[in-house]
Each structure stands twice: as C-alpha cells, then as structure tokens.
1. Which members of segment 176-196 meet the condition of being open to solvent by 40 Å² or more (accessible area, probe 1.4 Å) and not in a loop (DSSP other than H, G, I, E, B)?
2. Filter segment 197-235 for residues that are outside any strand (DSSP E or B), more than 15 Å from the ligand (Cβ to nearest atom) and aliphatic (A, V, I, L, M) and give the result.
3. Just the residues that are within 12 Å of the ligand (Cβ to nearest atom), touching a residue at least 40 places away in the same chain (Cβ under 8 Å) and assigned to a helix (DSSP H, G or I), please, taken from segment 87-130.
4. Which condition breaks for G244 when tested against (1) open to solvent by less than 40 Å² (accessible area, probe 1.4 Å); (2) in a helix (DSSP H, G or I)?
5. Give the residue that is surrounded by the most Cβ atoms within 10 Å (Cβ to Cβ), with candidates limited to residues of segment 247-284 that are within 16 Å of N63 (Cβ to Cβ) and either outside the structural domain of Y100 (by TED's automatic domain parsing) or of a type in the set (V, I, T) (or both).
6. Can you say whether F40 is open to solvent by less than 60 Å² (accessible area, probe 1.4 Å) and within 16 Å of the ligand (Cβ to nearest atom), as far as the supplied structure shows?
7. Go through segment 242-293 and count every residue that is of a type in the set (K, R) and within 16 Å of the ligand (Cβ to nearest atom).
8. Please pick out the residue among L372, L342 that is surrounded by 21 or more Cβ atoms within 10 Å (Cβ to Cβ) and either touching a Cys at 6+ places or on another chain (Cβ under 8 Å) or more than 26 Å from A327 (Cβ to Cβ) (or both).
Amino acid sequence: MKFLVDQQVQDIEMPENLKLNTFLQEFHSDCPHPQCKFGFYGFAFGQSPFPVPKIVQDSLARNSDKGAYAPVPGIPELRSAISKYNRHYFRMDVDPKRIYVGPGTKELIFNLLEILHGTVILPTPAWLGYLPQIRFLKKNYHMLPTRANKKISPNDLKKLALRLQDRQKILILNNPHNPTGLLYNRLELEEITDVCRDQDITVISDEIYAQTTYDFSKFVSMGKIYPEGTFVTNGLSKSHAAGGYRLGYVIFPQHVSDLKGQFKKILATEYTAVSTPIQHAAISGFEISKEIDQYFEVTRNIHHIMGEYTYHALSAIDGIKATRPEATFYLLADFNSFAPDLQKADILTSQKLSESLIIHPYHTAIVGGDNLVLERTDFSARIAYVDYDGAKVYQNYLDCKPKSNGESAEFVKNNAPKIVDGIKMIGNFFEHLRRESIPYVQAKTE
Ligand SMILES: Cc1ncc(COP(=O)(O)O)c(C=O)c1O
C-alpha cells in the first residue's frame, strides 16, 4: 500500500540528529585497516558525555510509582524548584506561574512558535533545530548573518526589523551559542534589547547551555535584561547531561496573562504533560544542593579544559581559525582559507568536506556549514569536544585537578586521546589537501 505524505512534511529539512545519523551510516564504513578499528573521531554529536547526576537518577527510581497524569504546566513542586533555581543561579525572580514544563526545550520552542504570530529572525550560524520548525509552521523568516565576531550586530538587527512589515517579530537568541561556544555579555544584551524595545521584537532566548559557562559569573540571562519581552528556555539536557529525560522549561515574560491560556491549550492538545516520574526526578536536578553545585562546577571545568585545548590545537594548524569558546562544548572552526585547494580537489561544498573527512584514512566526523544554517559553500564546521568517557574523566578530575595550563594539556592527552588524535587528523587532511594528495576524488570513483 502506498501512503501519501503531507506536503508540509516533505518540505521540511531533516532535523539535525537524524541528519547526522544518516550521514554517518552513509559515509562511514568500517575500515579494513587495523589502525581504524576505533570507529571514528567524533566531533559531531552534541551530547554531554557525563552521567546524569546520581541524585537525579535516584529520585527517578524512587518515583517510578507515579502513574497519574501531571498538570499541563508541570507539577507545582517542580515549578517552584525551577523558580528557586533561577533565583539562585541566574538572579532572576520568577513567579512559578510564569514557568511551563515541556518535553525538552526543542518542543517548547516549537510550541512558542506555534502560538506567536510574526516573522522569525534567525541569526546565523545557528543550531539546526530551529529551521525545520519554522518551515513546518510556514512562518515567515529572515536570516540575520553575523559578522566576523559571530555575534548579532544590533545595527544589522535594526536594519532588518525596519524592512519587515509584520506587526510582531520574533528574534531567536541562543546564548551561550551553539555552534560557536560564544557568550553575550551584559552590554551586548542591552544593545540588542534597545533595538528590540524600539522595534517591538519578541525574543525567544534559548539558554540551554547557560550552566556550562566556564566563568559562570559572566552569564547574564536575557530574561533579566528584557523581562517584558523575553521567553527564556532552559532544561536538563546539557547542564545535567540528561537529554534523554526530555525535560525543559520556558519562563514567560513578566506581565503576560492572555497568552498563558493559549499556550496551555497547545500543550494540552499536543502532549498533555511531561512524564510524571521525570518531573519528580527533575526536582532533584533543580533544587539547590551541594551535589548538583559540585556537578555543575566539575563538568563546566572539564568542558573548559577540553575547549581550550581544542581551540589552541586547531588554531595552531596553519590556515584554521576557530572561535574561542566561553561556554558549551563546541567551537566553530573556519576552514575557508583552504577554499582554493578544496575546490581543486573537487570539494565544492561543506557537505563534501564532511564526506571527505569521514572516509579513510581520516575517519573524522564534523558538522559542516550547511548544517549550521550557513551557505553551502561556507567551509566552516562545528567541532564538539566531548569524545571521551565522561564518568571516568569526571572521577579523574576529582582525583587530580589540573592546576596549570601545562597540567590541563596533560589532562586532555591522558583523558581524551581521541580529541588529541582527531585534531591531528584534521591537520593531516589539510596538509594532504595542500599537497594535492587528498583521496576524495579517488574514493568517489572506486
Ligand atoms: C541550541 C540548542 N537548543 C536546544 C537544544 C535541544 O534541547 P532539548 O533537549 O531541551 O530539547 C539543543 C540540543 O542540541 C541545542 O543545541
């Protein structure tokens, strides 16, 4: 039997997780060479490698008997814990009634885009998750390419907003930022806010990486700077390494009333409520405790060590430029200075570059520019530095914290050899490219 698929679905882009899996299945075949038995150097998957905090796991086990449906916006104890969490870590006073819990921030962002009328402004490069949602909902949208510093230019934002006819505009701000690892400071957020106030721009501030900010005192939520116009989203996925729990929350702007009823209606229509045991477990993740505080500190320090190493090692390769991450577990590497050599090797798009790097002898997985909402011909890539055994590395860090730059580099070499070797492999690739001995063309004709 043949089924007809709705055009709306056919028109959307493959979401990032599916795209990556398909890509790896298609292009990374097992290699007969004994030295390639390890699989591949994984700079592509954006997942925290650490175990879910023990107190959250225990709480989930204790609450497995909770079989009843939860209230649509989330159980009151969880909304109250999230409110206290925001006061403690982000210095924000949030009435629990402004908090809605959903199955991950991805779903909540989708729900917000469903209820908010208006044209979406998407700064690029961006996490690929937003675009299929915007297209699926048939919303008007405009890209806002960033300049050399990879941050939103308030001037460019203003110019774009002035051109848009819609009464309402929605800016998707992602801070800290996937894929660059960059962080907006207070002044930058204030300048963006000035434009938003002036031009009536609503902000969805995706702050899922907030807790990974290496110098945590530097993180400022847009919800604090522009409280009347910002929807803040955050959750368990990155801070608590619990993407699989599927739990996120959104904080509504101050003084919103009519919209909440509409939002509740959408949540009730689409998923009723988040799984009740997961909501109970999440309380332990958001409650202020020594265990969770230590977990955040250790994991962000390890991300910082890995990020600094990756930044310096990549930047040391002649021709590669990289953003220096201040949060997350990603950076953006720019390979555009190799464009003439890449073109000579018939590598004309970022997709082809990713393909050339995953095949033998390189076995290196990256996320290319077209998956970051950049031009197909932009040879930039997201490099995630999480390819190591999180549980082991967490313990090793506690046993012996590196105290100097030299010790940090040693720590990476001992604990994350695939990151070290993978970066060398990227270097080899570009060296071979310059020597015109890249095997891509041969591989295609084999
Ligand atoms: C920028 C960004 N926002 C949102 C998400 C999704 O988060 P969640 O697991 O809460 O849906 C991700 C996951 O990769 C992300 O990178």
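1. Hits for segment 176-196 are R186, L187, E188, E190, E191, D194.
2. V220, I225
3. The answer is T105, K106, E107, L108, I109, N111, Y130.
4. (1)
5. Applying the filter and picking the extreme gives V274.
6. No; evaluated as a whole, the condition is false for this residue.
7. 1
8. Checking each option against the conditions leaves just L342.
The values are calculated or read from the model by the stated rules, or taken from the named source; none is laboratory data. None of these values were measured; they are calculated from a predicted model. Methodologically, a virtual Cβ is constructed for each residue, glycine included, from the backbone with ideal geometry; neighbour enumeration extends over all protein chains shown. Surface areas here come from the heavy atoms of the whole protein model, side chains and all, with no ligands, DNA or RNA. Shrake-Rupley method; radii C 1.70, N 1.55, O 1.52, S 1.80 Å.
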